[in-house]
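Trainee: Structure provided below as structure tokens; questions to follow.
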């Protein structure tokens, strides 16, 4: 049985999710010794407070914002405390399905490939949207260690060229990025991430339109994946409880820091070419 505490910003929906997982979770009055759930704006401060209270682990729901200094401070303070992050535009339910499909026997790797990232969102959402798009690129391209090769501001956003290193013999995959700030100030924006290879993978996330799907096309045809009907918050909490009970690595905070640094490098016209 895992004790679960939630910060004020997510307390009500977390209470509902905990009730639905009564066989595995119980509500806690304090973060001490508990799985602390934080989210939304101000999540860094809430996570820091939970760490100081002695939280056993931290689950971050749909993180919004957070400066590099705040994230690095959290990472330094975490010590051995596990951080799990449920991203708004990269739902773990869908991510797990994609990983399972791409690693299934017969799928194989796609050595000659290109990754294309296209993000459009209100200016206030651009960094968060691009951060999640870069995370999707890692998932479908099975890559890491992005290197920013070149970038330039555009009238309404930015373009960039990156190199993503795979875990297969040090191979690299060129990655192109187009980011556009929309005139509409409301909404979460949309992203499309595409792996162009013998196995084509296309991710489409548009929260405003209610679209969350991934299409995988190979010699056998096209397979379209969509999140199952389980509530995303319940799923994120259930997965966090499962990970706490096993030996699965929980370095989600490190990945978030890396992706936000990459997004910042692309959107900041003063940044230099760098590995992130």
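The values are calculated or read from the model by the stated rules, or taken from the named source; none is laboratory data. Everything numeric in this text was worked out from a predicted model, so none of it was measured. No Cβ is skipped: glycine too gets one built from the backbone with ideal geometry, and neighbour counts run over all protein chains shown.
Trainee: Could you tell me whether residue 27 is more than 13 Å from residue 234 (Cα to Cα), surrounded by 17 or more Cβ atoms within 10 Å (Cβ to Cβ) and touching a strand residue (DSSP E or B) at 6+ places or on another chain (Cβ under 7 Å)? Steps first, please.
Mentor: Numbers: more than 13 Å from residue 234 (Cα to Cα): yes; surrounded by 17 or more Cβ atoms within 10 Å (Cβ to Cβ): no; touching a strand residue (DSSP E or B) at 6+ places or on another chain (Cβ under 7 Å): yes.
Judged against the criteria, residue 27 is not a match.
Trainee: Moving on to the next point. So the check is Cβ under 7 Å with 6+ separation or different chains; which pairs have a first residue in region 222-239 that's within 24 Å of residue 202 (Cα to Cα) and a second one that's part of a loop (DSSP other than H, G, I, E, B)?
Mentor: 227/91; 232/91
Trainee: Taking only region 165-199 into account, find how many residues are in a strand (DSSP E or B), over 23 Å from residue 254 (Cα atoms) and within 18 Å of the chain's Cα centre (by Cα).
Mentor: Residues flagged as in a strand (DSSP E or B), over 23 Å from residue 254 (Cα atoms) and within 18 Å of the chain's Cα centre (by Cα) within region 165-199 amount to 5.
Trainee: All but one of (1) modelled with pLDDT of 85 or more; (2) over 27 Å from residue 11 (Cα atoms) hold for residue 270, so report the exception by its number.
Mentor: (1)
Trainee: Looking at residue 162, is it modelled with pLDDT under 90, in contact with a helix residue (DSSP H, G or I) (Cβ under 9 Å, 6 or more places away or on another chain) and assigned to a strand (DSSP E or B)? Reasoning before the result, please.
Mentor: On the way: modelled with pLDDT under 90: no; in contact with a helix residue (DSSP H, G or I) (Cβ under 9 Å, 6 or more places away or on another chain): yes; assigned to a strand (DSSP E or B): yes.
Against the criterion (modelled with pLDDT under 90, in contact with a helix residue (DSSP H, G or I) (Cβ under 9 Å, 6 or more places away or on another chain) and assigned to a strand (DSSP E or B)), residue 162 does not qualify.
Trainee: Name the residue that is nearest to residue 54 (Cα to Cα), counting only residues in region 82-105 that are in contact with a helix residue (DSSP H, G or I) (Cβ under 9 Å, 6 or more places away or on another chain) and assigned to a helix (DSSP H, G or I).
Mentor: Residues of region 82-105 that are in contact with a helix residue (DSSP H, G or I) (Cβ under 9 Å, 6 or more places away or on another chain), as a first pass: 82-93, 95-96, 98-99, 102.
If we keep only those that are assigned to a helix (DSSP H, G or I) as well, we get 92-93, 95-96, 98-99, 102.
Values: 92: 26, 93: 29, 95: 30, 96: 30, 98: 35, 99: 33, 102: 38 Å.
Ranking the qualifying residues of region 82-105, first place goes to 92.
Trainee: Which is touching a strand residue (DSSP E or B) at 6+ places or on another chain (Cβ under 6 Å) and at pLDDT 95 or above, of 57, 46, 82? Spell out the reasoning first.
Mentor: Working: 57 fails: at pLDDT 95 or above; 82 fails: at pLDDT 95 or above.
From the options 57, 46, 82, the qualifying one is 46.
Trainee: Sort through 240, 255 and tell me the only one that's modelled with pLDDT under 90, under 30 Å from residue 3 (Cα atoms), surrounded by 14 or more Cβ atoms within 10 Å (Cβ to Cβ) and under 17 Å from the mean Cα position of the chain (by Cα). Steps first, please.
Mentor: Working: 255 fails: modelled with pLDDT under 90.
It is 240.
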